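Peer 1: Mind looking over this structure? Questions follow.
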Amino acid sequence: MAVKTNYKKNGKEYYRVTATIGKKSNGRLIRKEFYGKSKKEAEQKRDEYLRNISNGLNIDYENAELMSLMEEWLFEVIKPSNKVKESTFVRYENLFRKYIKTAPFAYYKLNDIKSIMIQKYYNTLFEQGKSSNLIHEIHLKLNSFFEYSVNQGYMTKNPTERKKVTIPGLSEKKKKEVETFSAEEIEIIKNSAKKHKYGTLFLLALGTGLRQGELLGLKWKYVDLMKKTITVKYTLKNIIEINRNGKRKCVVKLYTPKTESSLRIVPIPTTLIQQLNHHRILEKEKCLKNGVTFSDNNFVFTNRASNFITPNNIIERFRTFLVNNKITVKKFHCLRHTYATELFKTGADLLTVSKLLGHTNLETTKIYTHVSETQKEDAVSRLNRLFI
């Protein structure tokens, strides 16, 4: 018995049914067509679609594909929200462009993407030598996007939720040992920095624990040499601006810290006051030479032209400083680590150190409360002497 059809397209015959799925702004009805090899198949497609709509799916859910909708989510939802830093957004975009846009399922309709597809892709990346941490980052971004898609009615289920997908090779993260400068290295830094062009900056980092961006964004009006305090108001950062066309532009911007805890007052060690006074005099002389008016609105640390110093410049200068003084090269941030660790050695309490560092929660500060093996041995040695 021949199957009855009522529609012909590209030389093929189908059975077509229609359904009203809403109204346009002008009041006209929105109708959608469903095709099948038979009336029954077409009606099943229609009924399934209407059931999904009644269950909360977006009327356009059938056309939503991963690549286009995720790009829209990144640039139209995440970027304007100010919930992530610009540098974080650049990281998101890099992961999307390099690993999600090139995934085998990138152009699939969202509801056609299954957990096993994602699992196979992660396994392939791992076999290609990509790290578990990188794959985990990709996974987190996909999970966030799929959650958004479910909430917006483009998907019925998130294929990455509740451990439906595992990260190959990912083991429990080991607690990183905080890298600091030793007592001997601290003495070398203190003595050598006094003669260095950016020595005052290095010493202030060591003596206040301020982040690199906070030091580079520091202005004289927030330095009170009489009260011996610094008020942290801004941070200077290298930022890559990126648009949907993929064009990138590197700029340096002054920001207000995102968290309230970062806006803080930090005491300056008394021994650094003389150094800062001398540095202020040198900055005034530099401004005079450059024909620039010196005021409290000037940056504390400037380049030859009396303008702000870029973060990349300081990173390289600090590295060279360590090499020249035969100190094992460490990141500039290790000055902050050292400041925190030394505070705990003096007996400072956790809450005080946390506030001085500008941490949002105490858990972040706890990484500095570690006691080295040498310190443990010394403590036990002193305890043993009690029983001699």
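The values are calculated or read from the model by the stated rules, or taken from the named source; none is laboratory data. Computed from a predicted model, the values in this text were never measured in an experiment. Every residue, glycine as well, gets a Cβ built from its backbone with ideal geometry; the counts of neighbours run over all protein chains shown. Heads up: the accessible areas ignore ligands, DNA and RNA and are worked out on the full protein's heavy atoms, side chains in. Shrake-Rupley method; radii C 1.70, N 1.55, O 1.52, S 1.80 Å.
Peer 1: For the stretch 216-240, how many residues are assigned to a helix (DSSP H, G or I), more than 11 Å from VAL266 (Cα to Cα) and out of contact with any Pro (no Cβ under 9 Å at 6 or more places or on another chain)? Walk me through how you get there before you give the answer.
Peer 2: Within the stretch 216-240, the first condition is being assigned to a helix (DSSP H, G or I), and the residues that meet it are 216, 220-222.
Next, from what is left, pick out any that are more than 11 Å from VAL266 (Cα to Cα): 216, 220-221.
So of that shortlist, the ones also out of contact with any Pro (no Cβ under 9 Å at 6 or more places or on another chain) come out as 220-221.
Total meeting the criteria: 2.
Peer 1: Could I ask something else about it? Just to be sure, is PRO104 of a type outside the set (Lys, Arg) and assigned to a loop (DSSP other than H, G, I, E, B)?
Peer 2: Working: of a type outside the set (Lys, Arg): yes; assigned to a loop (DSSP other than H, G, I, E, B): yes.
The answer is yes for PRO104.
Peer 1: Checking PRO168 against (1) surrounded by 13 or more Cβ atoms within 10 Å (Cβ to Cβ); (2) assigned to a helix (DSSP H, G or I); (3) not acidic (Asp, Glu), which single condition isn't satisfied?
Peer 2: (2)
Peer 1: What is the residue count in the stretch 176-197 for residues that are in contact (Cβ under 8 Å) with a residue 24 or more places away in the chain and open to solvent by 10 Å² or more (accessible area, probe 1.4 Å)?
Peer 2: 12
Peer 1: Going by the structure shown, is GLU161 of a type in the set (Asp, Glu) and either touching a Gly at 6+ places or on another chain (Cβ under 6 Å) or modelled with pLDDT under 90 (or both)?
Peer 2: Against the criterion (of a type in the set (Asp, Glu) and either touching a Gly at 6+ places or on another chain (Cβ under 6 Å) or modelled with pLDDT under 90 (or both)), GLU161 qualifies.
Peer 1: Can you work out which of the residues in the stretch 95-116 that are among the aliphatic types (A, V, I, L, M) and over 15 Å from GLU65 (Cα atoms) is surrounded by the fewest Cβ atoms within 10 Å (Cβ to Cβ)?
Peer 2: Applying the first criterion (among the aliphatic types (A, V, I, L, M)) to the stretch 95-116 yields 95, 100, 103, 106, 110, 113, 116.
Checking the rest, the ones that are also over 15 Å from GLU65 (Cα atoms) come to 95, 116.
Numbers: LEU95: 18, ILE116: 11.
Top of the filtered list is ILE116.
Peer 1: Select, from SER144, SER149, the only residue that is of a type in the set (Gly, Ala, Ser), out of contact with any Gly (no Cβ under 9 Å at 6 or more places or on another chain), within 30 Å of ASN52 (Cα to Cα) and crowded, with 21+ Cβ neighbours inside 10 Å.
Peer 2: Values: SER144 fails: crowded, with 21+ Cβ neighbours inside 10 Å.
The unique qualifying residue is SER149.
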